[in-house]
Each structure stands twice: as structure tokens, then as C-alpha cells.
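Peer 1: Have a look at the structure that comes next, please.
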Amino acid sequence: EDGPEGGAPAQERPPLSGIAPDALLRLSPGEYFSRFLERGVRPDGRGVRDPRPVALTAGSIATALGSSTVRMGNTLVVAGVTATTHVSADPPAAGAIEVRVEVPSVCGLRPAASGAADLVGPLVQRALDSSGMVPRGALDIVPGRAAWRLRVDAYCLDFDGSLFDAALLAVTSAVRDARLPPARVGEDGEVVAEEARPDPAGGSPLELGPAPLAPP
Amino acid sequence: MAAVHADVGVITAAVGSAVIELGGSRVLCAIYGPNVDSRQEFSGRGQLQCDVQYATFARRRHCEPAAIAEAQAEVAADVLAALTPAVRLEDYPKTSWAINIFVVQEGGAVLPAAINAASLALAHASVHMRGLVGASAVISTGDDMQVHPTEEAAGTALATVIVATMPALGQTCLVRSAGRASPVQVLDAVAAARKGCGDIHAHLRKVLLARAADGQL
């Protein structure tokens, strides 16, 4: 076989015999992955278009208004919903959902995961806002005077790529799982601005459209 | 025992990991290391570091960030106090192990769940230990005691006692008591907690042995 030359075609690349696969992965990741992709497979044996198994469990966190745990391959994201009542006449109260994606210290590969989370957080926020999943008015308590402000916190607990997909699925399914308590009304007949707590009687789901599955 | 649920290997990127559900608290722990800190002076003994973070939705009653930060720091300090006697730090000169904890849900008492998670995760990581640590909380309502209290039960407590032991060695690693109770009630609570630690220890041991049998340790 020919020795290595600059610009040699891929099929004639000499075999790197004697190098252990995980050493090659560290020394030359591009080379490592090319050798799989040329044959149409990934290192874990999947075809290039085959997704990893996804597991989703919703509603298991009793202290949150809504929750979801998503496992996508080895990536693990837990999302929970909290809410406050926002009371305002001028400007008129409007509902909102704030999404945060964080990487706590418990997560491995934290530098890589934090970098991904910085990009993924705003992307998931935009995907949710632009999808129409939560229609204007769905968060109103008293239109124009009181509305729900939701906060969805997604935590990446184990990172193995696909953070956007896992976080988006966790956030949207947590919102769908959310059950809001009845808003408390004060003596003056006005809604009280406060943090919402899970309703022992169960609470009411939001009226939602279909969830987004792709970046905006 | 139905009161506790434990599993290992939940966080695949970590050297060792565990999840514990106890008394309505759900806590994850991941172990990272051995880490070398070249800034530290040479020490013949290794060190443990602990970091605790609560999810924003972990508490049913919302608290000021300062209160959460204080709770996180207290749990971290107590986890270190409970686990330091158990780890053979003399086997790890000039290195440190990181015990990173995430509280998904806070029930009656987070600290025992955190200690159990750390103990199980360290064992899963094959960190050298003198013994597996089991921790348990007991609340006293004056007339009655309850082991592994839920959030609802803890609301009625006059005093709370938390104990961590190494049942295999018959040694106690940590005793924390808060609230008001007669000396007899405190001693009774400690005794009940020690028994609770033994029950937890048996369950943690079962989980580890099952994993070892599967060849996953």
C-alpha cells in the first residue's frame, strides 16, 4: 500500500494498526469518527440516521407544579415548573413562561455541558415562544389584570450530547404536566400576587397547543 | 423496607453515582476524582469536597435565595462530617474526591437522603471506605416518634434528630439534634435513628451486591 501522502483519497488511507481505539479517539477524534461514518455507522453501532432510545417520565416531583425527566441515550435532563401570579393593571398583566437550562455540579463533562447549555437555553425559550404551544390568553387569570408567570428550570444531570432535544422535550412535557392551583383572591376581590404551591386537590392543566419538536 | 428507594449508576459520566428517595426527598449524588490540586500543600491524607445544589422546584414552600444558599452550605458541611470518618483518605495522598449532590425534591429531611446518596455513590465509585454509612432522621412530636419522616410529618415535629452510622463497625459518624425535647426523648430518638441507619445500610448493601452480581460495579 502507498505511504501517507498529502491529499491521498480516503479509501487509500493506511491502516493505523497498533493504536487502540480509545487512544485514537483522544489523539485524533476527526480520524476516529471518519472511519465509522465512511461505513455509515456510529461508534455505538447505530446507523447514521438511527436515534437513541428516549425515556420520559412526567409528574414524579411532588414539590413542583409540573415536572418531567427525560433520558436520551445517556443524557439526562430533569425539568420542573414553578409559578407566580402577576398582578398589574397598567401595563395590563400578561402571562409569560421563562425557560432556564442549567448544568449543576452533579453533571459530568460539565465544561462541555455548560457550553451546550448556554446555547440551548435561549434556543429552547425561542422554540417554546414561537411555537404557539402556550397561546396568548392561556396564562390569564383575570384578562388584563392578573396572569400566571411560569418558570421552567431544566437541569442537565448527565451529558452525552443532544442537549437541545432532551431539554426541549423535558421543558414541553413539564409544561404539559403542569397543574396550576386556583389563584388566591384577597379581601379586596383582587388576585393576590404570590408564589403558587402545588394544589392538594390536583390543580388545573393549561390549555395548550401542540409542542414544538425542532429548533425555531 | 418500603421507605427507601436506592439505585447506582444513574449518572453515567461520573466515576460513581447514586440516587436516593427517602421520606419524600429525592437526591442524586455523583463522585468525581481523584483530583489533583497542585495549589495545595502536599498532604499525606486526601480530601473530600462536597457541593450541594437544590433545584428551584425542590421545596414546596419557596424561599429566599439566601435561605437556599444557607441550606445548601449546611447540608454540604454535614455530608462531609458524616462521610469523612468513613473514607480511607490515607490511601489518597495529595488528591481529593468531589461529592456533588443535587436535590430534586425535599421531603421531611434532606440530610439523611444526601448522606445515604453520598455513601452509596462513593461505594459505587470504588473509593476505599472503612464501612458503608447509613443515615436516618427521627422526629419527635412529644408523644410519638417517627423514623424517615415525610414532609407532612415533619411539619408536626417538636424535635428532629439525624444520625449517621457505619453499622458494620458499630460506629457513629454524625449526630444532629434540633428542636426541644426531654433528654429521655432525645436518647430514644437517637436509638430509633440508629436502628433506622441499620435498616438503610442493609438496603444500600443489597443494591451494591445486586450490581456486583450483574458485573456492573
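Please treat every number below as a calculation from the coordinates, not as lab data. Remember, predicted model here, so these are calculated numbers, not experimental data. Reconstructed Cβ throughout: ideal geometry from the backbone, glycine too, with neighbour counts over all protein chains shown.
Peer 1: Residue by residue through the stretch A:135-150, which ³J(HN,Hα) values in whole Hz follow from phi under the Karplus form 6.51 cos²θ - 1.76 cosθ + 1.60 (θ = phi - 60°), with glycine and proline marked x?
Peer 2: x, 3, x, 5, 9, 6, 9, 10, x, x, 10, 8, 8, 7, 10, 9
Peer 1: Let's see if you can work this out: charge +1 on each Lys and Arg Cβ, -1 on each Asp and Glu Cβ, no other charges. What is the dipole magnitude of the protein assembly as shown about its Cα centre, in debye to the nearest 20?
Peer 2: 680 debye
Peer 1: Taking 1 over the mean of 1/r across every pair of different Cα atoms in chain A, what Kirkwood radius in Å do you get?
Peer 2: Taking the inverse mean of 1/r over all distinct Cα pairs, chain A comes out at 20.1 Å.
Peer 1: Given the DSSP H assignment, sum -39500 (n - 2.57) over each helix run of at least 4 residues in chain B and divide by its residue total; what's the result at 222 nm in deg cm²/dmol, nearest 500?
Peer 2: -10500 deg cm²/dmol
Peer 1: List every residue whose amide H lies under 5 Å from the amide H of A:I141, counting only residues 5 or more places away in sequence or on a different chain, with H placed 1.01 Å from N in the peptide plane.
Peer 2: A:A146, A:A147, A:W148
Peer 1: Quick one: pull the percentage of alpha-carbon pairs in the stretch A:114-216 with a separation above 22 Å.
Peer 2: 40 percent
Peer 1: Now for a different question. At a Förster radius of 45 Å, what calculated FRET efficiency corresponds to the Cβ-Cβ distance of A:R126 and A:A20, to the nearest 0.05?
Peer 2: 0.60
Peer 1: May I have the extent of the alpha carbons of the stretch B:69-119 along their three principal axes, as whole Å values ordered from largest to smallest?
Peer 2: 36, 19, 16
Peer 1: Rounded, prolate or oblate: which fits the stretch B:6-66, taking a ≥ b ≥ c as square roots of the Cα gyration tensor eigenvalues, rounded meaning a/c under 1.5, else prolate when a/b beats b/c?
Peer 2: oblate
Peer 1: While we're looking at this one, here's another question. Averaged over B:94-105, how many beta carbons belonging to a partner chain fall within 10 Å of each residue's beta carbon?
Peer 2: What the average comes to for B:94-105 is 3.
Peer 1: On to the next question. Using helices alone, I'd like the mean residue ellipticity at 222 nm for chain A: each DSSP H run of four-plus residues gives -39500 (n - 2.57), total over residue count, nearest 500.
Peer 2: Here the helix-only value at 222 nm equals -8000 deg cm²/dmol.
Peer 1: Is the shape of the protein assembly as shown best called rounded, prolate or oblate, per the rule: a/c under 1.5 gives rounded, else a/b larger than b/c gives prolate, else oblate, with a ≥ b ≥ c the square roots of the Cα gyration tensor eigenvalues?
Peer 2: It comes out oblate by the Cα gyration axes.
Peer 1: Report the relative contact order of chain B, percent, no decimals, based on alpha-carbon pairs under 8 angstrom and at least 6 residues apart.
Peer 2: 23 percent
Peer 1: The stretch A:54-119 to the stretch A:200-215: how many Å between their Cα centroids?
Peer 2: 14 Å
Peer 1: Pop out the ³J(HN,Hα) list for the stretch B:178-184 in order, Karplus 6.51 cos²θ - 1.76 cosθ + 1.60 with θ = phi - 60°, rounded to Hz; leave Gly and Pro as x.
Peer 2: Whole-Hz 3J(HN,Hα) from phi for the stretch B:178-184: 9, x, 10, 7, 6, x, 5.
Peer 1: Other chains' Cβ within 10 Å of A:148-158 residues: what's the mean?
Peer 2: The shielding value for this peptide is 3.
Peer 1: Within a 10 angstrom radius of each residue's Cβ in B:25-36, how many Cβ atoms of other chains show up on average? Whole number is fine.
Peer 2: The shielding value for this peptide is 2.
Peer 1: Separate question: If you take the beta carbon distance between B:A66 and B:D143 as r and set R0 to 35 Å, what does 1/(1 + (r/R0)^6) give as a FRET efficiency, to the nearest 0.05?
Peer 2: Using R0 = 35 Å, I get an efficiency of 0.50.
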